[in-house]
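A.B. asks: Input: one structure, supplied below.
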Amino acid sequence: MKDKTRCVVTPEPELSGFRSLAPATYRASTIVFSDAHAYATRGERGIDGYSYGLYGTPTTRMLCDKLTGLAGAARCLLVPSGQGANAIAAMAVVSAGDHVLITDSAYPAMRSFADLDLARSGVEVEYYDPTSVADLKRRLRPNTRLVWCESPGSSTMEVQDLPDIVAVAHAAGALVGCDNTWSTSLLLKPHRFGVDIVTEALTKYAGGHSDLLMGAITFSSDEVAKTVRAFIGRAGIGVSPDDATLVLRGMETMALRMSHAAVTAESLIGRLLDHRAIAEVLWPPLPTSPGHAIWQRDFIGASGVFSVLLADGFSQNLDAALDAMKTFLIGASWGGTRSLVAPMSVGEWRTVRPWEREDLIIRFSVGLEDVSELEADLDAFLAALCGQKTTTGDATPAV
Ligand SMILES: *Cc1c(COP(=O)(O)O)cnc(C)c1O
């Protein structure tokens, strides 16, 4: 071999005797073939074969297999973000003239995608009450192709009755999809209830370190998976194997991170519940949270994301209260190691069940910091809501 060729041809080392616990990152655009026949028949390799980097490398397959197993699904596809998973799953299964029913509590970007892009494609978009299967049933039509769920709902945390929703939707000939980001497959396995398509923002708990974006779509049947896979191939949508390696790493600690976040969330919520500045905390394990009984029946546990509603008259001090926190950072994309807080407005995103309370929800995501510092932050937050000044950066409770 001449030197210039040596520079571009990498020797393949002997692998026998080497076994690492770290999944290898296989990068590829092109896949090379052993002979002319293998190339000519590459189209016959099917959904599990390798034919082009966009359709997966061993690294993305490892991640898919892990997610498929955890979800109890038949198949998994990876896409560049959680919202990508929602939009792509819906887009791939509906056609002009179809009707889709979306929970009124859906992730806002999913609503915008449906209202603008599905509608632009000739799909009729309608919303239903997340807390009423009767309301959903009334709205089903012969051309309803997809019923979209998210349980618990974004920010407002309504837990939905997935088994009942699946029963009425399937009886009407519709597919059921569900955004399972809050729970991950560790806490809720929607496929077990017959949900056809489950999406998850791996960006959140699976990635777990606020440094990547990825989404997963899992399917209970190969047939629907093949439809969506063909669509993402035509649309040229794929993910980076390097990011897949990061998700594989993140998932190794996901169960511990999530159970820790739930325990911490419970103790922090205990501090908020009886305070005069707080009207309500929305978190499915609380008996007052919407759909609590369904959560108890269907879920294995809770994640560390909860919402807080302020009592009347306290929102005027919100900015000072947010600024009083030092360990909780202000930010939206939760599920990482750092605790986050973000004020949200939901009024404009509710059309079936108008949001009649003050249009301000403060969403908390609990991370892995020392609990005493998170408690001190909440005390500073509550004091500032009440108009009291506190010394910041001090782990001593301020009230
Ligand atoms: C964050 C989130 C998404 C979007 O995930 P990205 O990866 O940020 O696009 C979708 N659904 C829910 C419920 C989310 O919380």
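A.B. asks: With a sphere of radius 15 Å drawn around the Cβ of SER210, what net charge do the other residues whose Cβ falls strictly inside it have (Lys, Arg +1; Asp, Glu -1)?
C.D. replies: On the way: positive: LYS204, ARG249, ARG257, ARG338; negative: ASP211, ASP243, GLU369.
That sum, taken over residues with Cβ under 15 Å, equals +1.
A.B. asks: If you don't mind, there's one more thing I want to ask. To the nearest 0.05, what FRET efficiency results for SER333 and ARG120 with a Förster distance of 22 Å applied to their C-beta separation?
C.D. replies: On the way: r = 27 Å, r/R0 = 1.24.
Taking R0 as 22 Å, the efficiency between SER333 and ARG120 is 0.20.
A.B. asks: While we're here: Give me the net charge of VAL228's neighbourhood, meaning all other residues with Cβ under 14 Å from the Cβ of VAL228; Lys, Arg count +1, Asp, Glu -1. Could the numbers behind the result be given before it?
C.D. replies: Working: positive: ARG75, ARG145, LYS226, ARG229, ARG234; negative: ASP196, ASP222, GLU223.
Charge balance in the 14 Å sphere: +2.
A.B. asks: At q = 0.19, 0.26, 0.29 Å⁻¹, what is the base-10 log of I(q)/I(0) for segment 33-95 according to the Debye formula with one equal point scatterer per Cα and no solvent? Please give it to two decimals.
C.D. replies: -0.88, -1.16, -1.23
A.B. asks: Give, in nm to one decimal, the length gained when the segment between HIS292 and ARG138 is fully stretched (0.36 nm per residue of separation minus the Cα-Cα distance). Could you put the intermediate results ahead of the total?
C.D. replies: Details: separation 154, 0.36 × 154 = 55.44 nm, distance 2.40 nm.
So the chain would gain 53.0 nm between HIS292 and ARG138.
A.B. asks: Additional query: How many percent of all Cα-Cα pairs in the chain sit more than 28 Å apart?
C.D. replies: 51
A.B. asks: Roughly speaking, what is the centre-to-centre gap between segment 325-380 and segment 99-116 when only Cα atoms are used, to the nearest Å?
C.D. replies: Measuring centre to centre over Cα atoms gives 22 Å.
A.B. asks: Using the Kirkwood radius over Cα pairs, work out the Stokes-Einstein diffusion coefficient for segment 242-394 at 37 °C and 0.692 mPa s, in µm²/s as a whole number.
C.D. replies: Values: Rh = 16.5 Å.
For the chosen part, D equals 199 µm²/s.
A.B. asks: Moving on to the next point. For the chain, which longest stretch is free of loop sites, where a loop site is one of the GluC sites (Glu not before Pro) that DSSP puts outside H, G, I, E and B and that has at most 16 other Cβ atoms within 10 Å? Walk me through the numbers on the way to the answer.
C.D. replies: Numbers: sites that count: GLU14, GLU356, GLU358, GLU369.
Here the longest segment lacking exposed loop sites spans 15-355.
A.B. asks: Can you pull the one-decimal nm distance between simple spin-label points at LEU21 and CYS386, each 7 Å off the Cα toward Cβ?
C.D. replies: 4.8
A.B. asks: Shifting gears a bit: Sum up the charges of everything whose Cβ sits under 14 Å from the Cβ of GLU369, counting Lys and Arg as +1 and Asp and Glu as -1, but leave GLU369 out. Walk me through the numbers before you get to the answer.
C.D. replies: Working: positive: ARG257, LYS326, ARG338; negative: ASP370, GLU373, GLU375, ASP377.
That sum, taken over residues with Cβ under 14 Å, equals -1.
A.B. asks: May I pose another question? If DNA, RNA and ligands are ignored and the probe is 1.4 Å, what is the ranking of THR351, THR144 by accessible area, most exposed first? Don't skip to the answer; put the middle values down first.
C.D. replies: Details: THR351 90, THR144 5 Å².
If we order THR351, THR144 from most to least accessible, we get THR351, THR144.
A.B. asks: Further question: Volume per residue, Å³, of the convex hull around the alpha-carbon atoms of segment 37-166? Show your work: numbers first, answer last.
C.D. replies: Working: hull volume 18.6 nm³, N = 130.
That works out to 143 Å³ per residue.
A.B. asks: In Å², and per residue, what accessible area does segment 36-251 have when probed at 1.4 Å with the other protein chains present?
C.D. replies: Working: 7800 Å² over 216 residues.
In whole numbers, segment 36-251 has 36 Å² accessible per residue.
A.B. asks: Rounded to the nearest whole Å², what accessible area per residue is found for segment 256-399 with the 1.4 Å probe?
C.D. replies: Numbers: 6570 Å² over 144 residues.
Here the per-residue accessible area is 46 Å².
A.B. asks: To the nearest 20 debye, what is the magnitude of the charge dipole of the chain about its Cα centre, counting +1 on the Cβ of each Lys and Arg and -1 on the Cβ of each Asp and Glu? Let's see the in-between values first.
C.D. replies: Values: 35 positive and 46 negative charges, 259 e Å.
Its charge dipole is roughly 1240 debye.
A.B. asks: Taking loop as defined by DSSP and a crowding limit of 15 other beta carbons within 10 Å, which trypsin sites (Lys or Arg not before Pro) in segment 282-357 fit? The partial results should precede the final answer.
C.D. replies: Values: sites: ARG297, LYS326, ARG338, ARG350, ARG357; in loops: LYS326, ARG338, ARG350, ARG357.
Hits after loop and neighbour filter: LYS326, ARG357.
A.B. asks: Residue separation times 0.36 nm, minus the C-alpha to C-alpha distance between LYS326 and THR41: what's the value? Present the calculation step by step, with values, prior to reporting the outcome.
C.D. replies: Values: separation 285, 0.36 × 285 = 102.60 nm, distance 5.97 nm.
Contour length minus Cα-Cα distance gives 96.6 nm.
A.B. asks: Please name which of CYS178, VAL93, TYR128 has its Cα lying farthest along the dipole of the chain towards the positive end, using unit charges on Cβ (Lys, Arg +1; Asp, Glu -1) and the Cα centre as origin.
C.D. replies: Sorting the options by dipole projection puts first VAL93.
A.B. asks: With no other cysteine's Cβ closer than 4.7 Å, which Cys residues of the chain count as lacking a disulfide-compatible partner?
C.D. replies: That list is CYS7, CYS386.
A.B. asks: Hey, got a sec? Which trypsin sites (Lys or Arg not before Pro) in segment 119-199 land in a DSSP loop and have at most 10 other Cβ atoms within 10 Å? Each step should come with its number before you reach the end.
C.D. replies: On the way: sites: ARG120, LYS137, ARG138, ARG139, ARG145, ARG192; in loops: none.
Sparse-neighbourhood loop trypsin sites (Lys or Arg not before Pro): none present.
A.B. asks: Separate question: If you plug each phi of segment 47-54 into the Karplus form 6.51 cos²θ - 1.76 cosθ + 1.60 with θ = phi - 60°, what whole-Hz ³J(HN,Hα) values come out, in order, with x for Gly and Pro?
C.D. replies: 5, 9, x, 9, 9, 7, x, 4
A.B. asks: Structure shown: which of LYS66/LYS189; LYS204/LYS389; LYS204/LYS226 lie over 22 Å apart, alpha-carbon to alpha-carbon?
C.D. replies: On the way: LYS66/LYS189 14 Å; LYS204/LYS389 34 Å; LYS204/LYS226 26 Å.
With Cα atoms farther than 22 Å apart: LYS204/LYS389; LYS204/LYS226.
A.B. asks: Determine the share of segment 164-304's accessible area contributed by carbon and sulfur atoms, expressed in whole percent, with a 1.4 angstrom probe. Write down the numbers at each step before the final one.
C.D. replies: Details: 2980 of 5420 Å².
Looking at segment 164-304 in its full context, I get 55 percent from C and S.
A.B. asks: Testing the spin-label approximation: label points 7 Å from Cα along Cα→Cβ at ASP164 and ILE300. State their distance in nm.
C.D. replies: So the two model labels end up 2.5 nm from each other.
A.B. asks: Across all directions of projection, what mean area in square nanometres is found for the Cα convex hull of segment 113-165? Walk me through the numbers on the way to the answer.
C.D. replies: On the way: hull surface 16.1 nm².
For segment 113-165, the mean projected area of the Cα convex hull comes to 4.0 nm².
The values are calculated or read from the model by the stated rules, or taken from the named source; none is laboratory data. These numbers were taken from a predicted model, which means no experiment stands behind them. For neighbour counting, all protein chains shown are included, and Cβ atoms are generated from backbone atoms with ideal geometry for every residue, glycine included. Accessible surface areas use protein heavy atoms only, side chains included; no ligands, DNA or RNA. Shrake-Rupley method; radii C 1.70, N 1.55, O 1.52, S 1.80 Å.
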